[in-house]
Amino acid sequence: NRSKVETFIGFSIKSRSLCMGSNTVGTLKKAFLIIVCNSASEGTKKLASSYANKFSCPLMLSKILLEDITLKENCKLVAVTDKNLAKAIIENQDDNFSISSGGNGL
């Protein structure tokens with residue numbers, strides 16, 4: 001059974017408003033939510049934090065493997081580029097997802 005957050009991430013993929021991978025996220029002009037996998041390296045987590053600062057958006061930590069949610073192998077970092085989907089993900093977070101740093105409250 002998928003959680004609401006996983007479902008909204010699925011919607012983000014379908015609507016092409018989910019960018020996967022640190023290199024892709026680094027090229028973005030705007031993001032409304034950064035999600036990093038709990039299993040990511042410390043370097044990737046620091047990169048995710050710097051992206052959250054760059055975009056002034058919340059940083060969310062996922063206890064579920066992002067590669068299981070996105071169906072993309074070795075996916076550790078994603079960015080949500082749709083404001084409404086980012087807001088829905090944040091509002092429906094559960095025990096498997098936690099906001100690790102603030103940002104500009106959507």
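Just from its helices, what would the mean residue ellipticity at 222 nm be for the chain, if runs of 4 or more DSSP H residues each count -39500 (n - 2.57) and the sum is divided by every residue, rounded to the nearest 500 deg cm²/dmol? Walk me through the numbers before you get to the answer.
Details: 5 runs with 44 residues, N = 106.
Taking each H run of at least 4 residues, the total per residue is -11500 deg cm²/dmol.
Express the relative contact order of the chain as a whole percentage, based on alpha carbon pairs under 8 Å and six or more residues apart in sequence.
38
Once you have a ≥ b ≥ c as the square roots of the Cα gyration tensor eigenvalues for the stretch 1-63, tell me rounded if a/c is under 1.5, and otherwise prolate or oblate according to whether a/b is larger than b/c.
Judged from the Cα gyration tensor, the stretch 1-63 comes out oblate (a/c at least 1.5, b/c at or above a/b).
At a 1.4 Å probe radius, carbon and sulfur cover how many percent of the accessible area of the stretch 1-57?
Within the stretch 1-57, the accessible surface is 51 percent carbon and sulfur.
How large is the accessible surface per residue of the chain, computed with a 1.4 Å probe and reported in Å² as a whole number? Don't skip to the answer; put the middle values down first.
Working: 5740 Å² over 106 residues.
Per residue, the chain has an accessible area of 54 Å².
Could you compute the net charge surrounding residue 81? Neighbours are other residues with a C-beta less than 10 Å from the C-beta of residue 81; K and R count +1, D and E count -1.
Residues close to residue 81 contribute a combined charge of +3.
For residue 75, what residues show an amide H to amide H distance below 5 Å, using hydrogens built from the backbone and excluding near sequence neighbours?
67
Find out how many positive minus negative residues lie around residue 40, taking Lys and Arg as positive, Asp and Glu as negative, among other residues whose Cβ is under 15 Å from that of residue 40.
After counting each charged neighbour, the total is +1.
Under Stokes-Einstein, with the Kirkwood radius over Cα pairs standing in for Rh, what whole-number D in µm²/s applies to the chain at 25 °C and 0.890 mPa s?
Value of D from the Cα-based Kirkwood radius: 187 µm²/s.
The values are calculated or read from the model by the stated rules, or taken from the named source; none is laboratory data. Small disclaimer: the values here were computed from a predicted structure and weren't measured. Methodologically, a virtual Cβ is constructed for each residue, glycine included, from the backbone with ideal geometry; neighbour enumeration extends over all protein chains shown. When the accessible area is computed, the model is the full protein with side chains, heavy atoms only, and any ligands, DNA or RNA have been set aside. Shrake-Rupley method; radii C 1.70, N 1.55, O 1.52, S 1.80 Å.
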